[in-house]
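Shown next, in structure tokens, is the structure this report addresses.
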Amino acid sequence: MVGTGVFAEIFDGDLDVFKYYSEGEWKKSSSGKSVAIINPTTRKTQYKVQACTQEEVNKVMETAKSAQKLWAKTPLWKRAELLHKAASILKEHKAPIAECLVKEIAKPSKDAVTEVVRSGDLVSYCAEEGVRILGEGKFLVSDSFPGNQRTKYCLSSKIPLGVILAIPPFNYPVNLAVSKIAPALIAGNSLVLKPPTQGSVAALHMVHCFHLAGFPKGLISCVTGKGSEIGDFLTMHPGVGCISFTGGDTGIAISKKAGMIPLQMELGGKDACIVLEDADLDLVAANIIKGGFSYSGQRCTAVKVVLVMESVADTLVEKVKAKVAKLTVGPPEDDCDITPVVSESSANFIEGLVIDAKKKGATFCQQYRRDGNLIWPLLLDNVRPDMRIAWEEPFGPVLPVIRINSVEEGIHHCNASNFGLQGCVFTKDINKAMLISDAMETGTVQINSAPARGPDHFPFQGLRDSGIGSQGITNSITMMTKIKTTVINLPTPSYTMG
Ligand code: G3P
């Protein structure tokens, strides 16, 4: 299914490598080199993609620039129509794209299908929202400002930024790519996509759905290859008008190197779950499992530290333990709850955090177990602030529990983190929940539910090292535009009318 049927043209069967997308065509790189994509489960090469050159990046930027000029003049309703078409093609081909997600990033098979369907919905919603918000402007008259007469009419509207560079992460290579592509296109921009290596092939299939929808040549491009060879070249390219990045620390480095262009960054989180004495502990336990262990904890919005009041901690830990025991562990093809983490280096990093916690006396609620990249779910109780796992983001199925003696202690821990993406609080007292939400320095606080980005039209933003700007469909469209004003100047009246 992958690279066959309607997707046959994206694959070079002779060289067994996927092509890159430039000038509306699927091409082989002149480098003659490829980059291997390692299946996290088998740890063997699953696919290969082109290692694009800097010259190829230059070509993509050049065509993106000229395609954008025409696209900006294309009526808004027509841009929306093409996006709706791409959304339906994407959903129609959910099976092969989901298959890539299973093989490239070990996403459980049902979640992989959900990611593609959610992406189609996102594109459609974006088309509709774009028509609403880009079809509106603002009108000001001058006599509302002191000293002015009613002689100036100011009309403002939103215009595109130019070429948007989109760099999504491995954990949502389709959804977090379209969350950048769709707002960019509806707003009249062109788009250059650099997919994550693990996830490239799913992203190339997704891009082909946009190709099949009939977008103009050069408007969308997708370059693959090693970040070390084309990463800086892309992010520092003078043709780029805006960067939308989701990922890890690399985003901080990009922010320092990028020129004077708008940046949208989402760089991870250490999302705290504060549990009060009056919380519904069954609800909390269910949300800790869903929030902490879905996709094996490889979500920026995963619950990454539980801060529970000591008086209810024993009961909560027992409830979570019972649910952890029921999680299925194994290959993504079997739709297991816990699947191999994305790479050996990720698994080694997670193991380093576990070893550190063990040395410093954390209580292991399960035995630590690892086979290759597969790490069994692990709850670590009695974690203290001197342990690395209290602060660092494992991006794996390992969850620390810190027992607290006051709500203030929990809020303090949450706010002392260098991250500030999301957090959650569990209590039956809405007044307390609102006060705690106000005190938690995170982009979003969920009351009585685990952190999550969706629905995809909700604002999504992080404080401190968690990011720059706000995402979510409406915010992304706005972010990928600038304001243009035209002022109509009337002659100053020589007499007063009436
Ligand atoms: O970058 C955001 C992603 O890691 C989490 O998204 O939808 O799982 O909350 P979601």
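Of note:
- The set of residues from region 442-467 being modelled with pLDDT of 95 or more, within 14 Å of the ligand (Cβ to nearest atom) and more than 16 Å from Lys304 (Cβ to Cβ) comprises Pro455, Asp456, His457, Phe458, Pro459, Phe460, Gln461.
- Residue in region 481-492 that is modelled with pLDDT under 95, farther than 30 Å from Leu83 by Cα and outside the structural domain of Arg150 (by TED's automatic domain parsing) present: yes
- Hits in region 30-63 (condition: touching a residue at least 12 places away in the same chain (Cβ under 8 Å), under 27 Å from Lys107 (Cβ atoms) and assigned to a loop (DSSP other than H, G, I, E, B)): Asn39, Pro40, Thr41, Arg43, Ala51, Cys52
- Taking region 445-476 as the range and being surrounded by 23 or more Cβ atoms within 10 Å (Cβ to Cβ) and within 28 Å of Gly135 (Cβ to Cβ) as the test, the residues that pass are Phe460, Gln471, Ile473, Ser476.
- Count - residues of region 120-144 that are of a type in the set (Ser, Thr, Tyr) and surrounded by 18 or more Cβ atoms within 10 Å (Cβ to Cβ): 2
- Failed criterion for Gly454 (all others in (1) touching a helix residue (DSSP H, G or I) at 6+ places or on another chain (Cβ under 9 Å); (2) in a strand (DSSP E or B) hold): (2)
- Options Thr246, Thr250; residue that is surrounded by fewer than 21 Cβ atoms within 10 Å (Cβ to Cβ), within 16 Å of the ligand (Cβ to nearest atom) and among the hydroxyl-bearing types (Ser, Thr, Tyr): Thr250
- Some residue of region 130-147 being within 25 Å of Ser255 (Cβ to Cβ) and either within 16 Å of the ligand (Cβ to nearest atom) or charged (D, E, K, R) (or both): no
- Qualifying position, being farther than 27 Å from Ile230 by Cβ and crowded, with 21+ Cβ neighbours inside 10 Å, among Leu83, Leu76, Leu101: Leu83
- Picking from residues in region 457-467 that are part of a loop (DSSP other than H, G, I, E, B) and in contact (Cβ under 8 Å) with a residue 60 or more places away in the chain, the one that is nearest to Tyr125 (Cα to Cα) is His457.
- Close Cβ contacts (under 6 Å, 6 or more residues apart or on different chains) running from residues in region 111-128 that are under 20 Å from Tyr295 (Cα atoms) to residues that are of a type in the set (Ser, Thr, Tyr) and in a helix (DSSP H, G or I) are absent.
- Of the residues making up region 468-481, those that are part of a helix (DSSP H, G or I) and within 15 Å of the ligand (Cβ to nearest atom) are Ile473, Asn475, Ser476.
- With respect to (1) outside any loop (DSSP other than H, G, I, E, B); (2) more than 30 Å from Ala302 (Cβ to Cβ); (3) free of Cβ contacts under 8 Å to residues at least 24 places away in the same chain, the lone exception for Ser494 is condition (1).
- Against the numbered list (1) surrounded by fewer than 19 Cβ atoms within 10 Å (Cβ to Cβ); (2) farther than 30 Å from Lys138 by Cβ; (3) hydrophobic (A, V, I, L, M, F, W, C), Ala433 comes up short only at (1).
- Residues within region 416-441 that are in a helix (DSSP H, G or I) and either within 14 Å of the ligand (Cβ to nearest atom) or of a type in the set (Asp, Glu) (or both), tallied: 1
- Residues in region 396-415 that are assigned to a loop (DSSP other than H, G, I, E, B) and surrounded by 24 or more Cβ atoms within 10 Å (Cβ to Cβ): 2 in all.
- Residue within region 351-364 that is in contact with a strand residue (DSSP E or B) (Cβ under 9 Å, 6 or more places away or on another chain) and either under 24 Å from Asp280 (Cα atoms) or part of a strand (DSSP E or B) (or both) present: yes
- Condition check for His237: under 20 Å from Ile105 (Cα atoms), more than 16 Å from the ligand (Cβ to nearest atom) and buried (at least 16 other Cβ atoms within 10 Å of the Cβ): no
- Reported count of residues in region 153-181, each being more than 16 Å from the ligand (Cβ to nearest atom) and either within 21 Å of Lys217 (Cα to Cα) or β-branched (Val, Ile, Thr) (or both), is 7.
- Residue within region 179-193 that is of a type in the set (Ser, Thr, Tyr) and either farther than 24 Å from Ala87 by Cα or not assigned by TED's automatic domain parsing to the domain that holds Ser66 (or both) present: no
- Subset of region 344-373 (residues that are within 22 Å of Trp391 (Cβ to Cβ) and small (Gly, Ala, Ser)): Ser345, Ser346, Ala347, Gly352, Ala357, Gly361, Ala362
The values are calculated or read from the model by the stated rules, or taken from the named source; none is laboratory data. Computed from a predicted structure; not experimentally measured. A quick note on method: Cβ atoms are made from the backbone with ideal geometry, for glycine too, and the neighbour counts reach across all protein chains shown.
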